[in-house]
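Here is the structure we will look at.
What follows draws every value from the coordinates through simple rules; no lab data is involved. Note that the structure is predicted; figures quoted are calculated from it, not measured. Neighbour counts are summed over all protein chains in view; Cβ atoms, including those assigned to glycine, are modelled from backbone coordinates with ideal geometry.
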Amino acid sequence: MTIARVLTIAGSDSGGGAGIQADIKTITVLGGFGMTVITALTAQNTIGVQGVLDIPVDFIERQFDSVLSDIGVDAAKTGMLSSSEIIGAVVRKIREYRIERLVVDPVMVAKGGAHLLRDEARASLVGELLPLALVATPNVPEATALCGIEIESVDDMKKAARAIRGMGARNVVVKGGHLEGDAVDILFDGKDFHTFSVGRIDTKDTHGTGCTYSAAIATALARGKTVRAAVEDAKLYITAAIRNSLRLGGGHGPTNHLAPIIAL
């Protein structure tokens, strides 16, 4: 039996709702084989991030070598990469192993407000990592931070997607969950805009949505889907996960990664 091999390059969320943990759950439920390069450990729960411990760069590189020299990869995604040194190491390994189906989720701030990308690392993210992305998946605040465009409408999302594609990403998904009204995401492939819209779900339990969405896109790409089809599938998955989100903890609870296969 063959199975799509999906690598997540991201931080660990001890609370289980985001990061590596959310990615592995998503990849597994969607029929892939999940593998990890852990870039940071966080002490984290639904309320916020209480501590961050970066993994040494040489050990990040060792994880890449262990996994990819033996198992290989069909698609990968990046999440929390907190420093320019970590981004540089990840970029070197992506180039070395020629990972073509790469989803870049430009994680900057946790749901609780903790900063997960240092200011000095933003230039490395834009100049080194984005040009390797088959798909970049910024939310509205991240898109604004990347391109400087204040986003208040779908037209603004389109302008931001075009600007971010100009930074090197081949396809850009700007996620509109932070805006009012329906949850609208815009995909720009360099030629056309594609809109993915669902009615807004009234819940605060949305911890890990960005991680989950990007992992779903990567898994669909690993299984041979086109970018547009992968985003469409991922939108359906994240919508189901939010609609069935879990009321855990005292803050923002997690999405329900099991939603497509079990009713809780």
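Counting each DSSP H run of 4 or more residues in the chain as -39500 (n - 2.57), what helix-only mean residue ellipticity at 222 nm follows after dividing by all residues, to the nearest 500 deg cm²/dmol?
-10500 deg cm²/dmol
How about residue 77: which aspartates and glutamates have a C-alpha closer than 14 Å to its C-alpha, ignoring those fewer than 8 places off in the same chain?
Hits, sequence-local ones excluded: 23, 100, 105.
Could you grab the relative contact order for the chain? Cα pairs under 8 Å, six or more apart, rounded to a whole percent. If you can, show how the numbers build up before the last one.
On the way: 595 pairs, mean separation 50.7, N = 264.
Dividing the mean separation by the residue count of the chain yields 19 percent.
If you plug each phi of region 248-260 into the Karplus form 6.51 cos²θ - 1.76 cosθ + 1.60 with θ = phi - 60°, what whole-Hz ³J(HN,Hα) values come out, in order, with x for Gly and Pro?
Per residue, the Karplus-derived 3J(HN,Hα) values read 10, x, x, x, 7, x, x, 5, 9, 5, 8, 3, x Hz.
So which residue, out of 214, 84, 69, gets the largest mean-square fluctuation from a GNM of the chain using Cα contacts under 10 Å as springs?
69
Rounded to the nearest 0.05, what FRET efficiency do residue 236 and residue 92 give with R0 = 22 Å and r taken as the Cβ-Cβ distance? Could you check?
0.05
Using each residue's phi in region 16-22, evaluate 6.51 cos²θ - 1.76 cosθ + 1.60 at θ = phi - 60° and report the 3J(HN,Hα) Karplus result to the nearest Hz, with x for Gly and Pro.
Each residue of region 16-22 in turn: x, x, 9, x, 3, 5, 5 Hz.
For residue 136, which sequence-distant residues (separation of 5 or more, or a different chain) have an amide H within less than 5 Å of its own amide H, given hydrogens modelled in the peptide plane?
It is 104, 171, 172, 173, by chain and number.
Are there trypsin sites (Lys or Arg not before Pro) in region 134-222 that DSSP puts in a loop and that have at most 11 other Cβ atoms within 10 Å, and which ones?
Here the trypsin sites (Lys or Arg not before Pro) that fit, given the DSSP loop and packing criteria, are 191.
Taking every DSSP beta bridge that has both residues in region 82-231, what percent is antiparallel when rounded to the nearest 5?
Here the share of antiparallel DSSP bridges comes out near 75 percent.
Please report the equivalent ellipsoid semi-axes of region 4-243, computed as sqrt(5 x eigenvalue) of the Cα gyration tensor, largest first, in whole Å.
Semi-axis lengths for region 4-243 are 24, 19, 18 Å.
Taking the mean number of other Cβ atoms within 10 Å as a proxy for protection, how do you rank 31-43, 177-189 from highest to lowest?
Numbers: 31-43: 20.2, 177-189: 17.6.
Ranking the peptides 31-43, 177-189 by packing returns 31-43, 177-189.
Enumerate by residue number the GluC sites (Glu not before Pro) in region 86-175 meeting two conditions: DSSP loop (anything except H, G, I, E, B), and at most 15 other Cβ atoms within 10 Å of the site's Cβ.
Qualifying residues, ordered by number: 100, 150, 152.
Across every pair of different alpha-carbon atoms, what Kirkwood hydrodynamic radius in Å does region 74-184 reach?
Result for region 74-184, one decimal place: 14.1 Å.
Nearest-5 percent of antiparallel DSSP beta bridges in the chain? The partial results should precede the final answer.
Numbers: 16 of 38 bridges.
Looking only at bridges with both residues in the chain, the antiparallel portion is about 40 percent.
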